[in-house]
Amino acid sequence: MALRQPVEIRDVEPDDASSLIELWTACAEAVQDEGSEAYTQQTLWRCPSEAEAREALAFNAREHRRRVFVALVGDELVGCAAADLATLNPITMCKVMIVSDLQVKPTHRRRSIASGLLAVVAAHAEEQDCELVLSNSAAHAREPNRYLTKLGFNQIAVLRAIPVGKLNARLAAKSSGSRETGRLLAVRRSLRRRAAVRG
């Protein structure tokens, strides 16, 4: 029986960028066989360059109250979790720690990597006097959602996404596209066609 190697969990470093790209790529490829919802989620993933990943890590470290933890087995990066400090809503001081991007390499799952990452996040949440730990995960991700449910996480929200350009277009169409305006435009088009046929 092989012994498990110890898992080291530490804060992310800029030199972890290429290993994080490998981790995300492996996790994205692992969901290819999970149906159309998995495909939809996978289309949100695009592989960044190492320079972009380094820039994103620096941005998150500098601009946000975000900590990114990585799990290593030997010299191999096998897991990651991001933890954001926030308030439950904008008008109360109920602090919460939001766990996102909990990733474990498919080859290292079921080895307590996620548990170790979440334990470090929980300790960080306690240090920050948080009352709750929230986690977001992909809707199609059955295994991570089951795992979080077993730990006691309850579903309290739905997270939705839309590209900014599409949202702006839909909002513009909705605000200018009242029924009366649509009818008026249809009448004008009909009048123009009739005038073009006569003229």
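FYI, it's all coordinate maths here, none of it is from the lab. As the structure is a prediction and not an experimental result, all values here were calculated from the model. Heads up, the Cβs are rebuilt from the backbone with ideal geometry, glycines too, and the neighbour counts pull from every protein chain shown.
Output wanted: per-residue J couplings in Hz (rounded whole) for region 71-87, from phi through Karplus 6.51 cos²θ - 1.76 cosθ + 1.60, θ = phi - 60°, x for Gly and Pro.
10, 10, 10, x, 9, 8, 7, 10, x, 7, 8, 9, 10, 10, 8, 8, 9
Which distance in nm do the two modelled labels at Ala119 and Leu88 give, with both placed 7 Å along the Cα-to-Cβ direction?
Result for the modelled spin labels: 2.8 nm.
For region 7-161, what's the radius of gyration and Dmax over Cα atoms, in angstrom?
Final numbers for Rg and Dmax: 15.3, 44 Å.
Please give the contour-minus-distance gain from Ala196 to Lys150: 0.36 nm per residue of separation, less the Cα-Cα distance, rounded to one decimal in nm.
Net length gain for the segment: 9.7 nm.
Using a Gaussian network model of the chain with C-alpha springs under 10 Å, which one of Lys105, Lys174, Lys150 is most mobile by mean-square fluctuation?
Top of the fluctuation ranking is Lys174.
I need His108, His64 ordered by Cβ neighbour count within 10 Å, fewest first.
Least crowded to most crowded, the residues run His64, His108.
Checking a compactness column here: for region 108-199, what do you get for Rg(Cα) / (2.2 N^0.38 Å), N being the number of residues?
Rg over 2.2 N^0.38 Å, computed on Cα atoms: 2.15.
Show me, for region 166-172, the HN-Hα J-couplings you get by feeding each phi into the Karplus relation (A = 6.51, B = -1.76, C = 1.60, θ = phi - 60°), rounded to Hz, glycine and proline as x.
My calculation for region 166-172 gives 5, 4, 4, 5, 5, 5, 5 Hz in order.
Could you check what % of the DSSP bridge pairs in the chain are antiparallel, to the nearest 5?
Around 85 percent antiparallel, to the nearest 5.
Cut-off under 29 Å on the C-alpha distance; same-chain residues fewer than 8 positions from Lys174 excluded. Which lysines are left, in chain and number order?
Lys166
Ranked by Cβ crowding within 10 angstrom, fewest neighbours first, how are Arg111, Arg193 ordered?
Arg193, Arg111
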